[in-house]
Amino acid sequence: MATSILKTTPNVFQRHQNPLAFVANSISARTSVPISQKRRSRSFALVSMSATPVETSLVKSPPSSQNTGIPIMVNACTGKMGKAVINAGEAAGLNVVPVSFGCDEESGQTFEIGGKEFLVHGPSDRESALVSALERYPNLIVVDYTVPNAVNGNAELYCKVGVPFVMGTTGGDRDLLHKTVEDSKNYAVISPQMGKQVVAFLAAMEIMAEQFPGAFSGYSLQVLESHQASKVDASGTAKAVISCFNKLGVSFDMDQIKLIRDPRQQLEMVGVPEEHLSGHAFHMYHLTSPDDTVSFEFQHNVCGRSIYAEGTVDAVLFLAKKIEAKDEKRLYNMIDVLREGNMR
């Protein structure tokens, strides 16, 4: 992450490999103008983060020199995040068990992923499959990258059976999700963002919000986020950042987030590389002072999924240590993982 004071020019975003432009009037507009192009030259602070990792599905990390043997069950193993976590887990020496939850259409089928055959169980036999897996692998930890409408039901099942889990799926009723874990005393890491470096940025935002409440009172905010077309909900990361801006005195509702899901707009307006249209996460937050003389922009762009897969593996390792230590705390997030300081 770099912080610099730049002089705004009409081509300021060309300084970045993947410029993120806001739509001037509406998302459906054929043309767009970055916000910075609307005004005359002035100074602003730019904080940007970008990552263009090599796809885990294409290049595997070298095998870990130390096999931890921790068994993990990756639900939605046929999805792109599921596959990325399986590859990252195998590379880290985790024991990825060959069973998974899936949709009705996949139920009873086997799929080869990373050289291993996975049997997928549909919604009707999730509980029996999970109980059987836990009996066979007593130290099992589940990794969930399913769909938003399955978040709460899956979490309730994990807690009922008593299987610790890492929830990387966004959406669902998050308050109910946390309550389910707390009431059951089950171990879990829950985070809408698994990328460690992005989580560090979120942590910094939370510290600023706590220590300087109201610092941006009166400022207006615009938020744009672009993800692959298959992501149906708004970014959990964007929501977390917006919550910090709310504490800093900015009035902004979650339904004001501009969502970009159309591949053509992502290419032409956002600047997503074509090879990453199927897997990316671009975010920009633009703040403007009441008199329109000062602006701030925060940007973090991720191409591919390896940053999330690696963070998920760290969350699994972290959770396994907490379980072994019989830690009294049961519910964690990725900031807890970062604070532990044992990331690979």
Query raised in the report: What shape does the stretch 244-304 take by its C-alpha gyration tensor, where a ≥ b ≥ c are the square roots of the eigenvalues and a/c under 1.5 counts as rounded, a/b above b/c as prolate, and the rest as oblate?
Result: prolate
Report summary line: Rounded to whole angstrom, the alpha-carbon centroid of the stretch 225-299 lies from that of the stretch 95-161 at a distance of 32
Report summary line: If the chain between Ser124 and Glu275 were fully extended at 0.36 nm per residue, the gain over the current Cα-Cα distance would be 50.7 nm
Query raised in the report: Using a simple charge model, +1 on the beta-carbon of Lys and Arg, -1 on the beta-carbon of Asp and Glu, nothing else, what dipole does the stretch 204-344 show about its Cα centre, in debye to the nearest 20?
Result: 480
Query raised in the report: On average, how much accessible surface per residue is there in the stretch 127-228, in Å², for a 1.4 Å probe, leaving out ligands, DNA and RNA?
Result: 42
Requested in this report: Note the full-extension length gain between Gln211 and Arg330 as 0.36 nm times their separation in residues minus their Cα-Cα distance, in nm to one decimal.
Outcome: 40.1 nm
Report summary line: With +1 on the Cβ of every Lys and Arg and -1 on the Cβ of every Asp and Glu, the dipole magnitude of the stretch 157-267 about its Cα centre, in debye rounded to the nearest 20, is 280
Requested in this report: Just grab the label-to-label distance for Asp173 and Ala229, each label 7 Å out from Cα along the Cβ direction, in nm (one decimal).
Outcome: 3.3
Report summary line: Under the 7 Å Cα-to-Cβ spin-label approximation, Gln109 and Ser289 lie apart by a distance in nanometres of 5.8
Query raised in the report: In nm, what is the difference between 0.36 nm times the number of residues separating Ser243 and Ala200 and their Cα-Cα distance?
Result: 13.9 nm
Report task. Compare the Cα positions of Gly249, Ser235, Phe298 along the charge dipole of the stretch 221-344 (+1 at Cβ of Lys, Arg; -1 at Cβ of Asp, Glu; about the Cα centre) and return the one farthest towards the positive end. Result -> Ser235
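The values are calculated or read from the model by the stated rules, or taken from the named source; none is laboratory data. Because the structure is predicted, anything quoted here is derived from the model rather than measured. Cβ coordinates were reconstructed from backbone atoms using ideal geometry, including for glycine residues, and neighbour counts include every protein chain displayed. These accessible areas exclude ligands, DNA and RNA; they are computed on the full protein's heavy atoms, side chains included. Shrake-Rupley method; radii C 1.70, N 1.55, O 1.52, S 1.80 Å.
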